[in-house]
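The values are calculated or read from the model by the stated rules, or taken from the named source; none is laboratory data. Being a predicted model, the structure only gives us computed values, none of them experimental. We place every Cβ from the backbone using ideal geometry, glycine too, and count neighbours over all the protein chains shown. For the accessible areas, the whole protein counts, side chains as well, though only heavy atoms, and no ligand, DNA or RNA atoms are used. Shrake-Rupley method; radii C 1.70, N 1.55, O 1.52, S 1.80 Å.
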Amino acid sequence: MVSIQALRGMPDVLPDACNLRAQLLRAASEIIESYGFREISLPLLEKTELFARSIGEVTDIVEKEMYTFDDRNGESMTLRPEATAGVVRAVVQHSLAHSGAQKLWLAGPMFRYERPQKGRYRQFNQINVEAFGLVGPDIDVELIAIGARLWKRLGVADALTLELNSLGDGAGRQAHRAALVAYLREHAELLDADAARRLETNPLRVLDSKTPDMQAMLAAAPQLPDFWDAESREHFETLTARLDDLGIAWTLNPRLVRGLDYYSRTVFEWTTTALGAQNAVCSGGRYDGLVEQIGGKPTPAVGFAIGVERLVALMEAAGAAPEPVADLYLAALGAKAEAHAAVLAEQLRDALPGVRLLVNAGGGSFKAQLKRADRCGAQFALVLGDAEVESETVQVKPLRVRDDQQAVAQSALADFIRKQRSATPAAA
């Protein structure tokens with residue numbers, strides 16, 4: 001009989017990877033919320049129309065990658081391929097922006113039907129940070145600063161580079177589009193099939209092509225910065241000046257356009273050379289027209305998304321290790337000690353909230369139990385034998401490199417446990 005396997009591109013996340021992801025999510029939530037953002041939770045399933053209207057009907061996501069189906073009432077539904085459209089839908093539906101600026105974040109799975117490869121999956125996870133009702137470059141700076149602070153916390157700052165561009169706005173953006181289309185038509189023989197298709201529908205995306213034979217031609221194409229209107233130029237120059245003030249290094253990438261139709265003005269990516277072809281770890285920008293496009297009142301907006309799997313891979317490349325399974329390991333020797341171990345463990349969990357305590361299960365010799373304690377990464381083994389039950393004591397044995405600080409911790413822990421035991425009646 002053939003065993004059942006996971007769906008292609010929808011990987012199981014095993015404990016070590018889950019551990020690193022949990023470290024990432026804890027750090028991200030602490031940092032994001034320290035900037036005044038509040039968490040929001042949204043459904044995985046939305047009406048297909050939401051993504052067609054917001055992402056753009058001629059993007060790869062809508063044309064090729066969405067998991068779309070009709071429900072039992074014949075209404076077209078889609079598993080979310082990205083989160084920004086859903087956040088905007090929620091802001092409009094619940095009139096959140098009517099009460100002033102909104103700073104929101106969420107984390108969860110997204111779904112795209114594309115060729116699975118390292119760093120690119122059909123089910124993947126993102127952290128999204130979105131701000132509404134704030135028009136100036138100061139909020140753009142804040143979002144970029146959040147990313148920079150998170151990279152430092154996770155130990156991956158040296159592996160990431162910030163790339164910036166502005167898509168401009170209004171007449172300048174239209175003038176660039178016209179000049180770009182004219183230029184690409186002059187070099188039509190160099191365009192691959194995707195670029196030729198996008199030429200009439202989404203020419204900016206041609207600039208994002210990775211086809212090697214097109215790179216020299218695209219390098220000479222009309223560049224967005226040459227067409228910025230005065231307001232877009234001022235916005236960008238203020239943004240970069242404030243990043244300089246914060247010591248956040250950046251690089252202008254005039255071909256950075258992002259893959260979704262809703263962006264305007266500021267766009268940015270944090271990229272790395274440590275993960276092969278999948279080099280973008282965090283991407284974002286302004287989408288000032290999207291709220292109105294989805295049915296709300298005109299509302300400035302900006303946000304970014306972090307690829308969780310790619311950032312975890314970058315943490316691994318930087319040497320991040322899973323956190324230990326336990327801080328303390330309770331070894332029980334003898335029938336009376338085994339009977340008392342669970343009671344003692346619950347007393348310690350009450351007294352030491354947040355401390356990870358693993359109780360030996362399945363018996364075993366003293367040596368075997370200490371080996372298990374060492375494998376789980378515990379700092380100390382708590383040794384409970386029949387004699388310790390009678391005397392209401394516990395032996396505390398250090399399992400890592402011994403130093404003065406650990407000796408103090410060992411003594412304090414032993415004293416603390418002794419006081420806890422003497423204050424609580426022993427098990428019968």
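Output the residues belonging to the range 319-339 that are of a type in the set (Gly, Ala, Ser), over 15 Å from Gln395 (Cα atoms) and surrounded by fewer than 15 Cβ atoms within 10 Å (Cβ to Cβ). Spell out how you get there, then give the answer.
Narrowing the range 319-339 to residues of a type in the set (Gly, Ala, Ser): 319-321, 326, 331-332, 334-335, 337, 339.
Checking the rest, the ones that are also over 15 Å from Gln395 (Cα atoms) come to 319-321, 326, 335, 339.
Correct list: Gly319, Ala321, Ala335, Ala339.
All but one of (1) open to solvent by 40 Å² or more (accessible area, probe 1.4 Å); (2) out of contact with any Phe, Trp or Tyr (no Cβ under 6 Å at 6 or more places or on another chain); (3) under 28 Å from Phe37 (Cα atoms) hold for Gln123; state the number of the condition that does not hold.
Against the list (1) open to solvent by 40 Å² or more (accessible area, probe 1.4 Å); (2) out of contact with any Phe, Trp or Tyr (no Cβ under 6 Å at 6 or more places or on another chain); (3) under 28 Å from Phe37 (Cα atoms), Gln123 comes up short only on (2).
With Ile40, Ile31, Ile55 as the choices, which residue is within 30 Å of Pro203 (Cα to Cα), of a type in the set (Val, Ile, Thr) and either modelled with pLDDT of 95 or more or surrounded by 11 or more Cβ atoms within 10 Å (Cβ to Cβ) (or both)? If you could, list the steps in order and put the result at the bottom.
Working: Ile40 fails: within 30 Å of Pro203 (Cα to Cα); Ile31 fails: within 30 Å of Pro203 (Cα to Cα).
None of the others qualify; the one that does is Ile55.
Looking at the range 155-173, which of its residues are touching a Lys or Arg at 6+ places or on another chain (Cβ under 9 Å) and open to solvent by less than 10 Å² (accessible area, probe 1.4 Å)?
Asn165, Ser166, Leu167, Gly168
Would you check if Ala196 is farther than 30 Å from Leu134 by Cα, open to solvent by 50 Å² or more (accessible area, probe 1.4 Å) and at pLDDT 85 or above?
Against the criterion (farther than 30 Å from Leu134 by Cα, open to solvent by 50 Å² or more (accessible area, probe 1.4 Å) and at pLDDT 85 or above), Ala196 qualifies.
Tell me which residues, restricted to the range 364-393, are under 14 Å from Ala341 (Cβ atoms) and open to solvent by less than 20 Å² (accessible area, probe 1.4 Å).
Residues satisfying the conditions are Gln369, Ala373, Ala381, Leu382, Val383, Leu384, Gly385, Val389.
Please list, ordered by first then second residue, the pairs with beta carbon atoms under 9 Å, 6 or more apart or interchain, first in the range 25-46 and closer than 16 Å to Asn125 by Cβ, second open to solvent by 70 Å² or more (accessible area, probe 1.4 Å) and of a type in the set (D, E, K, R).
What qualifies is Ala27/Arg153; Ala28/Arg153; Ser29/Glu39; Ile32/Glu39; Glu39/Glu33.
Could we say that Val281 is under 21 Å from Leu14 (Cβ atoms), hydrophobic (A, V, I, L, M, F, W, C), modelled with pLDDT of 90 or more and within 12 Å of the chain's Cα centre (by Cα) here?
Judged against the criteria, Val281 is not a match.
Across the range 232-248, what is the number of residues that are among the aliphatic types (A, V, I, L, M), within 26 Å of the chain's Cα centre (by Cα) and either loosely packed, with under 12 Cβ neighbours inside 10 Å or in a helix (DSSP H, G or I) (or both)?
Within the range 232-248, residues that are among the aliphatic types (A, V, I, L, M), within 26 Å of the chain's Cα centre (by Cα) and either loosely packed, with under 12 Cβ neighbours inside 10 Å or in a helix (DSSP H, G or I) (or both) number 3.
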